[in-house]
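Written below as structure tokens is the structure these notes are about.
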Amino acid sequence: MNNFSYARVPDVGGAVHEIGTHKAAKFIAGGTNLIDLMKYNVSRPNHLVDITRLPLNTIEETPDGGLRLGALVTNAETAYNEHVEKRYPLLSSAILAGASPQLRNMATDGGNLLQRTRCYYFYDTATRCNKREPGTGCPAISGFNRIHAILGTSEHCIATHPSDMCVALAALEAVVQVTGANGERAIPFAEFHRLPNDTPQIDTNLHADEIITAIDLPKQGFAENYTYLKLRDRASYAFAFVSVAVALEMDGETIKEARLALGGVAHKPWRDTEAEGLLSGKPATRDNFQKVAEAITRDARGYGHNTFKIELAKRAVARALRQAAEGTPQPIAEKKIL
Ligand SMILES: Cc1cc2nc3c(=O)[nH]c(=O)nc-3n(C[C@H](O)[C@H](O)[C@H](O)COP(=O)(O)OP(=O)(O)OC[C@H]3O[C@@H](n4cnc5c(N)ncnc54)[C@H](O)[C@@H]3O)c2cc1C
Ligand code: SF4
């Protein structure tokens, strides 16, 4: 472990100032990812800015009828919040499909967006990795890549983004509120995370001096017809091979609007609005769901150990769409534990 200094800040202005005045500084919130990365020597900040006392821990209505989740609200508080459960059950389901109750009690909403990939090579400092050390190579491409991406990959990195919460936020078209030295800005969720291209070391479009202050949920919550389907090695405490967040607006048996986001398959939650558009104004039939499943995976590429994910993704998309259309979302196995 490297030496580092530590400062706790009382307000957002202080946090932005503190991060801007130290070269290799990092914010720390719940610490559930950052502390692991520091122990593995993958992340080596020389200064930690503790943001846990910032007044960003409330969930509030927004003037346009949506909901604002403070960046420091925990994943557990978010999932069990009465407004989220009632109006955005897709988000509650996705959060509760992730990690464990203990982790969700510590993990914050802001931190969840910025958790890093679970690629084995990224965590192993004895191996090469373009994300950890740019220009060294990507052993996953020809190596053990069972958990890796099938969409949006590059010759430099095939890592996936591991979050469940972010998959639901992508389908809901959330907006990330951030503050930096140049003031505040709002980042649409689709533009928040990046594909690896030739800069896999950069996960998001957040600037180095910016802090996430909140995540805004638009008014439309798709509370009637939704599902979050997560497929993984075991039913709890495992990251997704493939996950699917579906949000439908139905008019009887006809689909008015369809939103679909996939997790576990790309460097960011994967949306394909062209494929979603195939369902607009169409009846909710197995044939139509299969067409979307084929369309969404048309450019998918397997790397050997992860090739099974292409068929898995197709089946998951078709099943998730069926569950959402029938109004029978995936049951949430875990009981309320705060
Ligand atoms: C064993 C294990 C299993 C897990 N399983 C799952 C799973 O199945 N699904 C899933 O989705 N997640 C899973 N997680 C990940 C977990 O959800 C994340 O670790 C957590 O959400 C990160 O939040 P945090 O507050 O602890 O972030 P931290 O660890 O404190 O920070 C993570 C990163 O975000 C930055 N950061 C934090 N807050 C802000 C902010 N407001 N503004 C700017 N930067 C910020 C930090 O600088 C750091 O770089 C698992 C984690 C563990 C350890
Ligand atoms: S997939 Fe990405 S994170 Fe994993 S070894 Fe390759 S470059 Fe590193």
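The values are calculated or read from the model by the stated rules, or taken from the named source; none is laboratory data. Computed from a predicted model, the values in this text were never measured in an experiment. Using ideal geometry, Cβ is built from the backbone for each residue, glycine included, and neighbour counts are taken over all protein chains shown. The accessibility values were calculated without ligands, DNA or RNA, using every heavy atom of the protein model including side chains. Shrake-Rupley method; radii C 1.70, N 1.55, O 1.52, S 1.80 Å.
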Q: Scan the stretch 273-332 for residues that are among the charged types (D, E, K, R) and either farther than 26 Å from residue 154 by Cβ or open to solvent by less than 50 Å² (accessible area, probe 1.4 Å) (or both) and jot them down.
A: 276, 282, 286, 287, 291, 309, 314, 315, 319, 322, 326
Q: Name every residue in the stretch 108-131 that is in a loop (DSSP other than H, G, I, E, B) and either under 25 Å from residue 237 (Cα atoms) or at pLDDT below 95 (or both), in order of residue number.
A: 115, 116, 117, 118, 119, 124, 125, 131
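Select, from 45, 55, the only residue that is in contact with a Phe, Trp or Tyr (Cβ under 7 Å, 6 or more places away or on another chain) and outside any strand (DSSP E or B). Reasoning before the result, please.
On the way: 55 fails: in contact with a Phe, Trp or Tyr (Cβ under 7 Å, 6 or more places away or on another chain).
Exactly one of 45, 55 is in contact with a Phe, Trp or Tyr (Cβ under 7 Å, 6 or more places away or on another chain) and outside any strand (DSSP E or B), namely 45.
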Q) Within the stretch 181-201, is there a residue that is part of a strand (DSSP E or B), out of contact with any Asp or Glu (no Cβ under 8 Å at 6 or more places or on another chain), open to solvent by less than 20 Å² (accessible area, probe 1.4 Å) and in contact (Cβ under 8 Å) with a residue 40 or more places away in the chain? A) no
Q.
If I ask for residues that are open to solvent by less than 30 Å² (accessible area, probe 1.4 Å), more than 15 Å from residue 322 (Cα to Cα), touching a residue at least 40 places away in the same chain (Cβ under 8 Å) and within 13 Å of ligand 1 (Cβ to nearest atom), which ones from the stretch 210-241 would you list?
A. 210, 211, 212, 213, 214, 215, 240, 241
Q: Would you please name the residue that is farthest from ligand 1 (Cβ to nearest atom), looking only at residues in the stretch 108-128 that are among the aromatic types (Phe, Trp, Tyr) and surrounded by 21 or more Cβ atoms within 10 Å (Cβ to Cβ)?
A: 121
Q) Can you name every residue in the stretch 182-196 that is under 15 Å from residue 210 (Cβ atoms) and under 13 Å from the mean Cα position of the chain (by Cα)? A) 191, 192, 193, 194
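Just to verify a result, which residue in the stretch 13-28, among those that are open to solvent by less than 50 Å² (accessible area, probe 1.4 Å) and free of Cβ contacts under 8 Å to residues at least 40 places away in the same chain, is farthest from ligand 2 (Cβ to nearest atom)? Please lay out each step first, then the result.
First, the residues of the stretch 13-28 that are open to solvent by less than 50 Å² (accessible area, probe 1.4 Å): 14-16, 18-19, 24-25, 27-28.
The next check asks that each one be free of Cβ contacts under 8 Å to residues at least 40 places away in the same chain; those that pass are 14, 18, 24-25, 28.
Values: 14: 33, 18: 29, 24: 20, 25: 23, 28: 22 Å.
Within the stretch 13-28, the match that is farthest from ligand 2 (Cβ to nearest atom) is 14.
Test residue 64 against the criterion of being within 14 Å of ligand 1 (Cβ to nearest atom), in contact (Cβ under 8 Å) with a residue 40 or more places away in the chain and among the acidic types (Asp, Glu), and give yes or no. Break it down stepwise before answering.
On the way: within 14 Å of ligand 1 (Cβ to nearest atom): no; in contact (Cβ under 8 Å) with a residue 40 or more places away in the chain: yes; among the acidic types (Asp, Glu): yes.
So residue 64 does not fit the description; no.
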